[in-house]
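Participant: The structure that follows is given in the form of structure tokens.
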Amino acid sequence: MATQHSRAAARLMISPAVLLLLGWMLIPLGMTIYFSLLRYNLLMPGNNPYVGWENYKYFLTDPAFSAAIFNTLALVGGVLLITVVGGILLGLLLDQPMWGQGIVRILVIAPFFVMPTVSALVWKNMFMNPVNGLFAYLAQFLGLEPFDFLAQAPLMSIIGIVSWQWLPFATLILLTAMQSLDREQLEAAEMDGAGPFNRFFYIVLPHLARAVTVVVLIQTIFLLSVFAEILVTTNGGPGNASTNLTYLVYAESLLRFDVGTGSAGGVVAIVLANIVAIFLMRMIGKNLEA
Amino acid sequence: MGRITLDKVTKSFGDIEVIPPLDLTIDEGEFVVFVGPSGCGKSTLLRLIAGLEDVSSGQIRIDRQDATHLPPAKRGLAMVFQSYALYPHMSVRKNIAFPLKMAGMDKAEQDKRVNYAAEVLNLSDYIDRKPGQLSGGQRQRVAIGRAIVREPAAFLFDEPLSNLDAALRVNMRLEISELHAKLKTTMVYVTHDQVEAMTMADKIVVLQAGRIEQVGSPLELYRAPRNRFVAGFIGSPKMNFITGAAAEAFGVHEIGVRPEHLQPSTESGMWKGTVGVGEHLGSDTFLHVHDTGLAETITVRASGEMALRHGDTIWLTPEADKIHKFDAAGLRVE
Ligand SMILES: Nc1ncnc2c1ncn2[C@@H]1O[C@H](COP(=O)(O)OP(=O)(O)O)[C@@H](O)[C@H]1O
Ligand SMILES: [Mg+2]
């Protein structure tokens, strides 16, 4: 029970940290918003006049924008689907008693420790390369035409690479959740006549709901800003086929040296990220209560 | 319906034999209690009957049919677990209906049975709540409700009352006994608490290290324990064991006398001692008597009114026909 006095003291004590954090976030945000209202191109030095909403209009009507929105959502949705389903299946597999369990678990976690740039390069050069990649060798061995993944299915390829990186995370969280399931519940269900499928569907899956929520929320935050994997593999192309919002902002401000439009894109990305976050919280956040 | 026979059943976990060969018959409609100290294999035995563990060898028959290799759901038994094992995300109604739903019963019949169970167990008021919102006793009832809707051949209970407080435990004990009287279904009940065993059982099976020490009605075990272990396990407070000269006077290695079969006196008697701590229960007082030369302490039941203080001298006389005699191997001698 906090008294009036101790509560006031507590506020005073935490205020430096709060102020620091506020400044930390508000100053960059404020500068981004400020730049987004100027005509500010590094290729055309001079005074940077105030132009109002012009940058936003330019960014939002750019045909690349709607493609980027679609790609961002497809990337997030696709990776979430693959990692959650794959994580549950892998978790079920790793939950079985087997020889060498410890080592297998460490191996499964390994991709998570590989840096995004490195794993994307490995995938690009060692697996997906249409001439030297392992997939190309496999296709040739089977007598098929090698498939140029990054040129013909760029977004799918990136979804695959990013899923590979995030699958360990999902597996780890879901496996831990599975192990926390009371064994007696499963036995009770078995006695109640539930077969393996019904036990999974009625007992295990509801038990995992909270862990799935955590996985979805955390991954969404990171997946909205996937960048390195795109930069080192497709550079957003061909065309805009694999450009997401983060990459579009980068292309505007650093490839076209247009700080104003880039900043406007940044603000749009913040707004969209928050919309997605609110939407997610509404939809599945209630799983975190109780 | 509901006769269970175990024929030379054994169970080993790896190299460790938890249940050595064991024979047991549980008759139809009987209330059988497995009792024994913690770790003696009671749960393992119950889980073998339920089919949650495979037997290492031997045969289990349920209603004369070989059930040794039947999966749990096919044995027609229902189990109430120590942790209750309710499904936390389902309401009480859904929990109770779950076995019926798995059996593919139609909705109307499900509702009928769930409502009947809820009525029998006084669950109707919180039928739409989740298990997390219930007290321990209520959860216990839901677990029992889930068991009775299936109308099983027998109920299996694994220490169902051990998570409840003392007062509730006494209540639930009565309720389960009532339920047995009403349903007349075979019940197999596991506990480490001999009071539960004595108060509820038609037949008690005393286990030690996986072996059956004795099978019998509560009074049979109380009156004629077959060996020293059963004698010490059944009855509260515990029987006094006496070796040495006092036992040899009766011509055996060891004798046992229950506290309630010792006559205390302030004037004269067979054995003399000093009064230690007295536990006053109102109707009775249990005195711990020291310095008798028989054993470290002798417990004796005195009437609640007996005025004896710490340090007083007391005389004890055993009732001649209530003395249990044991040989050096701990077996009963008549
Ligand atoms: N799954 C298992 N693996 C190995 N040993 C077990 C297993 N289950 C029980 N045991 C052992 O079997 C013995 C009996 O256990 P249990 O039947 O649970 O005893 P109780 O229910 O009488 O307390 C214990 O020594 C326990 O360690
Ligand atoms: Mg047990």
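The values are calculated or read from the model by the stated rules, or taken from the named source; none is laboratory data. Note that the structure is predicted; figures quoted are calculated from it, not measured. Please note: Cβ atoms are built from the backbone with ideal geometry, for glycine as well, and neighbour counts cover all protein chains shown. Please note that ligands, DNA and RNA were not included when accessible areas were found on the heavy atoms of the full protein model with its side chains. Shrake-Rupley method; radii C 1.70, N 1.55, O 1.52, S 1.80 Å.
Participant: So which residues in the range B:30-55 are open to solvent by 20 Å² or more (accessible area, probe 1.4 Å) and more than 13 Å from ligand 2 (Cβ to nearest atom), if there are any at all?
Facilitator: B:GLU30, B:ASP54, B:VAL55
Participant: May I ask you to say which residue of A:ILE230, A:ILE221 is more than 14 Å from every other protein chain (Cβ to nearest Cβ), surrounded by fewer than 19 Cβ atoms within 10 Å (Cβ to Cβ) and not polar (S, T, N, Q)?
Facilitator: The match here is A:ILE221.
Participant: Among the residues in the range B:186-207, are any among the basic types (Lys, Arg), away from ligand 1 (no atom under 16 Å from the Cβ) and more than 13 Å from the chain's Cα centre (by Cα)?
Facilitator: no
Participant: Evaluate the following for B:LYS272: is it closer than 29 Å to B:PHE34 by Cβ and either over 18 Å from the mean Cα position of the chain (by Cα) or charged (D, E, K, R) (or both)?
Facilitator: In short, no.
Participant: Right, next: Within the range A:183-211, restricting attention to residues that are among the aliphatic types (A, V, I, L, M) and more than 9 Å from chain B (Cβ to nearest Cβ), which residue is surrounded by the fewest Cβ atoms within 10 Å (Cβ to Cβ)?
Facilitator: A:LEU205
Participant: Quick one: would you say B:ALA166 is away from ligand 2 (no atom under 16 Å from the Cβ), under 30 Å from B:ARG228 (Cβ atoms), surrounded by fewer than 19 Cβ atoms within 10 Å (Cβ to Cβ) and of a type in the set (A, V, I, L, M)?
Facilitator: So B:ALA166 fits the description; yes.
Participant: Hey, another quick one. In the set A:PRO116, A:PRO146, which member is without any contact (Cβ under 8 Å) to a residue 40 or more places away in the chain and open to solvent by 30 Å² or more (accessible area, probe 1.4 Å)?
Facilitator: Of the residues listed, the single one that is without any contact (Cβ under 8 Å) to a residue 40 or more places away in the chain and open to solvent by 30 Å² or more (accessible area, probe 1.4 Å) is A:PRO146.
Participant: Sticking with this structure for a sec: Check the range B:227-235 and report whether any residue there is within 16 Å of ligand 1 (Cβ to nearest atom), under 12 Å from the mean Cα position of the chain (by Cα) and open to solvent by 10 Å² or more (accessible area, probe 1.4 Å).
Facilitator: yes
Participant: Residue under question is B:GLY104, and the condition is that it be free of Cβ contacts under 8 Å to residues at least 12 places away in the same chain, within 16 Å of ligand 1 (Cβ to nearest atom) and open to solvent by 20 Å² or more (accessible area, probe 1.4 Å); does it hold?
Facilitator: Spelling it out, it is not the case that B:GLY104 is free of Cβ contacts under 8 Å to residues at least 12 places away in the same chain, within 16 Å of ligand 1 (Cβ to nearest atom) and open to solvent by 20 Å² or more (accessible area, probe 1.4 Å).
Participant: Let me spell it out: the conditions are (1) open to solvent by 50 Å² or more (accessible area, probe 1.4 Å); (2) of a type in the set (Ser, Thr, Tyr); (3) in contact with a Phe, Trp or Tyr (Cβ under 8 Å, 6 or more places away or on another chain), and A:THR176 meets all of them except one. Which number is the exception?
Facilitator: Of everything listed in (1) open to solvent by 50 Å² or more (accessible area, probe 1.4 Å); (2) of a type in the set (Ser, Thr, Tyr); (3) in contact with a Phe, Trp or Tyr (Cβ under 8 Å, 6 or more places away or on another chain), A:THR176 misses just condition (3).
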